[in-house]
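Peer 1: If you scroll down you'll find the structure; I have some questions about it.
Here, each number is a calculation from the coordinates, and none is a lab measurement. Remember, it's a predicted structure, so these values are computed and weren't measured experimentally. Backbone-built Cβ (ideal geometry, glycine too); neighbour counts: all protein chains shown.
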Amino acid sequence: MSKEENTIVSAETAEDLKKVISEMIEQGWEADGSIQSNEDGTFSQKMKK
């Protein structure tokens with residue numbers, strides 16, 4: 001049984017983050033939850049594999 005991997009990706013804009021998420025999905029990752037707007041003005045998304 002393989003161990004599930006988790007990571008958090010972040011970017012300066014929601015648009016940039018969506019590009020990163022799309023690239024990761026092509027590599028077998030999937031989004032876990034919704035995009036978060038952070039206090040420092042960046043955006044992040046939890047990803048799992």
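Peer 1: GLN36: out of contact with any helix residue (DSSP H, G or I) (no Cβ under 6 Å at 6 or more places or on another chain) and loosely packed, with under 12 Cβ neighbours inside 10 Å, yes or no? Outline the logic, then answer.
Peer 2: Working: out of contact with any helix residue (DSSP H, G or I) (no Cβ under 6 Å at 6 or more places or on another chain): yes; loosely packed, with under 12 Cβ neighbours inside 10 Å: no.
Criteria not met by GLN36.
Peer 1: Filter the stretch 7-29 down to the residues that are surrounded by fewer than 11 Cβ atoms within 10 Å (Cβ to Cβ) and either in contact with a strand residue (DSSP E or B) (Cβ under 7 Å, 6 or more places away or on another chain) or assigned to a loop (DSSP other than H, G, I, E, B) (or both) and list them by number.
Peer 2: Within the stretch 7-29, ILE8, GLN27, GLY28 qualify.
Peer 1: Would you be able to tell me the number of residues in the stretch 39-49 that are outside any strand (DSSP E or B) and touching a helix residue (DSSP H, G or I) at 6+ places or on another chain (Cβ under 8 Å)?
Peer 2: Taking the stretch 39-49 as the starting set, the residues that turn out to be outside any strand (DSSP E or B) are 39-42, 49.
Next, from what is left, pick out any that are touching a helix residue (DSSP H, G or I) at 6+ places or on another chain (Cβ under 8 Å): none.
Number satisfying all stated conditions: 0.
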